[in-house]
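Data first, discussion second: the structure below is written as structure tokens.
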């Protein structure tokens with residue numbers, strides 16, 4: 001890796017910084033045996049370098065700019081004292097991995113569990129997360145997806161405000177602790193994916209603008225400020241390509257989830273998403289299963305294309321927001337914001353998403369005021385990740401309510417029964433499987449001035465919605481910077497054995513066991529999407545041809561009244577949500593009921 005600190009075979013350590021706007025840079029070093037300030041040689045093209053003895057793993061260092069300010073390494077592998085403090089030298093080869101035989105798992109086996117390390121357990125650390133891996137394996141999960149762990153300011157954050165993109169946040173533990181978590185997951189047959197943010201840096205703790213303003217293009221603005229300039233200096237692109245490879249190679253992650261790639265401004269060809277995907281597939285992806293998942297608000301199927309063997313050319317899959325939005329309208333009746341696009345015929349959009357991928361494939365989106373999406377019906381269903389809840393869809397609500405707090409429980413169970421047996425890769429948000437009562441709120445820990453701006457901005461944002469204009473609304477929107485907001489968001493694992501919660505957990509375990517038995521073995525090689533019909537409001541039928549030639553059928557009544565028009569498909573029943581077999585046999589589905597059948601060759 002060309003960036004940062006590297007321990008060399010002869011015991012010296014090389015320090016490098018790309019600082020094209022700095023004439024002079026010095027290394028400020030504090031180790032067990034040395035405390036010094038060493039001038040760095042200018043190598044040309046903006047690079048500064050020095051090689052010193054006596055800076056082993058654990059030594060603290062910073063870069064002193066010509067104005068006297070000491071800044072952390074932007075490629076720091078570890079910053080024990082948060083984003084404003086000095087960096088620590090890390091020996092990436094010191095950890096003794098025990099997963100040499102692990103080659104990952106094929107994508108069609110994926111059942112993803114998204115979690116926030118800080119809120120997943122009471123302790124909120126990498127080490128504490130290991131203690132819950134057996135629960136996830138027993139649930140039927142095959143992959144955990146960590147929300148971003150790159151070093152953020154303060155002690156609480158969702159992770160999307162990362163300032164040091166190579167350093168696991170010290171609040172969660174050391175680099176070795178994160179490696180132990182990945183290794184422990186592999187020992188249980190669980191893949192580990194990492195959410196990474198390449199569309200912006202966080203608003204506090206990033207010093208690049210002082211010595212490398214070439215990282216940003218102030219002519220182009222994003223929701224977070226000046227866009228990262230991926231079209232300019234080659235070194236900027238390499239910083240992010242190396243970051244993706246760093247997590248995959250140095251930490252043995254099985255894949256990455258690239259946050260909001262639609263917010264990346266990049267007119268170059270290949271664009272940065274394509275370059276990262278190619279580097280990963282021609283590098284570490286040559287020898288093991290490697291998965292790249294996109295969040296892309298543009299519904300661009302171009303990144304999801306397959307080769308003749310149905311293997312991904314670039315991205316493995318994409319989060320399917322359309323499916324979530326259609327389900328959400330059905331379950332809650334909410335029509336604010338982007339939900340308005342699905343409000344008139346949510347069952348139709350749901351059917352299209354289950355069968356063809358995107359709900360919008362080039363049609364006009366009234367919410368966006370433009371054509372939205374690209375055709376996706378030619379792609380296999382496993383090119384899409386389906387979900388009822390995520391950190392975004394829960395946490396971006398004013399009060400962080402989960403669906404269990406705002407939806408009919410019978411309707412929510414029916415939605416899970418549709419989602420978990422459909423061919424697309426399912427994703428659960430932590431606690432969903434036992435209907436956690438805790439909210440997941442937006443939380444952060446910024447300095448006073450920025451903290452006030454975030455708090456006021458969030459309350460102003462929700463002030464645009466009708467329900468928050470009512471002076472009778474009883475409670476203020478929680479302050480993201482209040483430590484109690486974070487504490488309220490932590491899972492209460494004792495709920496898994498409480499009435500109501502344990503029944504929901506048993507349902508999820510049963511559905512995932514059925515998925516593993518009946519669906520997953522038939523997914524490999526499936527080359528295209530399915531088909532669907534909506535016979536009347538709420539009456540949905542979907543069918544898919546799977547990789548072994550079998551046909552999977554879904555018949556569902558997603559309404560609060562009986563229907564006789566969702567005709568069950570042929571084949572053996574693999575799941576029926578309603579015990580009234582006579583009603584199902586008569587092809588009359590009760591309210592919020594689901595029937596799955598399978599025809600085998």
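Would you mention how many residues in the stretch 250-275 are without any contact (Cβ under 8 Å) to a residue 40 or more places away in the chain and either more than 19 Å from residue 313 (Cβ to Cβ) or touching a helix residue (DSSP H, G or I) at 6+ places or on another chain (Cβ under 9 Å) (or both)? Even if it seems obvious, please write down each step before you answer.
We begin by selecting, within the stretch 250-275, every residue without any contact (Cβ under 8 Å) to a residue 40 or more places away in the chain; these are 262, 266-270, 275.
If we keep only those that are either more than 19 Å from residue 313 (Cβ to Cβ) or touching a helix residue (DSSP H, G or I) at 6+ places or on another chain (Cβ under 9 Å) (or both) too, we end up with 262, 266-268, 270, 275.
Number of matching residues: 6.
Just need a number here: residues in the stretch 569-588 that are touching a helix residue (DSSP H, G or I) at 6+ places or on another chain (Cβ under 7 Å) and either buried (at least 18 other Cβ atoms within 10 Å of the Cβ) or at pLDDT below 90 (or both).
Residues meeting the conditions: 4.
Out of (1) assigned to a helix (DSSP H, G or I); (2) modelled with pLDDT of 95 or more, the odd one out for residue 438 is which?
(1)
Considering only residues that are outside any loop (DSSP other than H, G, I, E, B) and over 13 Å from residue 415 (Cβ atoms), which ones fall in the stretch 425-435?
So in the stretch 425-435, the residues outside any loop (DSSP other than H, G, I, E, B) come out as 425-429, 432-434.
Across the stretch 425-435, the qualifying residues are 425, 427, 429, 433, 434.
Could you check the stretch 542-559 and list, in sequence order, the residues that are farther than 22 Å from residue 408 by Cβ and more than 29 Å from the chain's Cα centre (by Cα)?
548, 549, 550, 551, 553
Assess whether residue 386 counts as being over 20 Å from residue 538 (Cβ atoms) and touching a helix residue (DSSP H, G or I) at 6+ places or on another chain (Cβ under 7 Å). Before you say what the answer is, go through the steps one by one.
On the way: over 20 Å from residue 538 (Cβ atoms): no; touching a helix residue (DSSP H, G or I) at 6+ places or on another chain (Cβ under 7 Å): yes.
The answer is no for residue 386.
How many residues, within the stretch 121-165, are surrounded by fewer than 22 Cβ atoms within 10 Å (Cβ to Cβ), in contact (Cβ under 8 Å) with a residue 60 or more places away in the chain and under 16 Å from residue 432 (Cα atoms)?
Going through the stretch 121-165 one residue at a time, the tally reaches 6.
Go over the candidates 168, 223 one by one and state the one that is under 20 Å from the mean Cα position of the chain (by Cα) and at pLDDT below 95. Quick ask: steps written out before the conclusion?
On the way: 168 fails: at pLDDT below 95.
Result: 223 is the single residue among 168, 223 that is under 20 Å from the mean Cα position of the chain (by Cα) and at pLDDT below 95.
Enumerate the pairs (first residue in the stretch 575-595 and not assigned by TED's automatic domain parsing to the domain that holds residue 560; second residue anywhere and surrounded by 17 or more Cβ atoms within 10 Å (Cβ to Cβ) and at pLDDT 80 or above) with beta-carbon separation below 8 Å, excluding pairs fewer than 6 apart on the same chain, so at least 6 apart or on different chains.
none
Within the stretch 108-119, can you find the residues that are assigned to a helix (DSSP H, G or I) and either within 15 Å of the chain's Cα centre (by Cα) or buried (at least 24 other Cβ atoms within 10 Å of the Cβ) (or both)?
Narrowing the stretch 108-119 to residues assigned to a helix (DSSP H, G or I): 108-109, 117-119.
Selection gives 117, 118, 119.
Listed residues 26, 21; which is within 29 Å of residue 233 (Cα to Cα), in contact (Cβ under 8 Å) with a residue 24 or more places away in the chain, in a loop (DSSP other than H, G, I, E, B) and assigned by TED's automatic domain parsing to the domain that holds residue 68?
Details: 26 fails: in a loop (DSSP other than H, G, I, E, B).
Unique residue meeting the criteria: 21.
Given the residues 318, 310, 389, which is the only one that is on the phi > 0 side of the Ramachandran plot, within 24 Å of the chain's Cα centre (by Cα) and either at pLDDT 95 or above or not in a helix (DSSP H, G or I) (or both)? Show your work before the answer.
Details: 318 fails: on the phi > 0 side of the Ramachandran plot; 389 fails: on the phi > 0 side of the Ramachandran plot.
Answer to the check: 310.
Quick check on residue 211: is it more than 22 Å from the chain's Cα centre (by Cα) and buried (at least 24 other Cβ atoms within 10 Å of the Cβ)? Outline the logic, then answer.
Numbers: more than 22 Å from the chain's Cα centre (by Cα): yes; buried (at least 24 other Cβ atoms within 10 Å of the Cβ): yes.
The answer is yes for residue 211.
Among the strands (runs of 3 or more DSSP E) confined wholly to the stretch 170-286, which include 1 or more residues that are within 24 Å of residue 128 (Cα to Cα) and outside the structural domain of residue 62 (by TED's automatic domain parsing)? Lay out the reasoning, then the answer.
Details: elements: 191-196, 216-222, 225-228, 255-258.
Counting at least 1 such residues, we get 191-196, 255-258.
The values are calculated or read from the model by the stated rules, or taken from the named source; none is laboratory data. All of these numbers come straight from a predicted model, not from anything done at the bench. Here the Cβ is made from the backbone with ideal geometry for all residues, glycine too, and neighbour counts use every protein chain on show.
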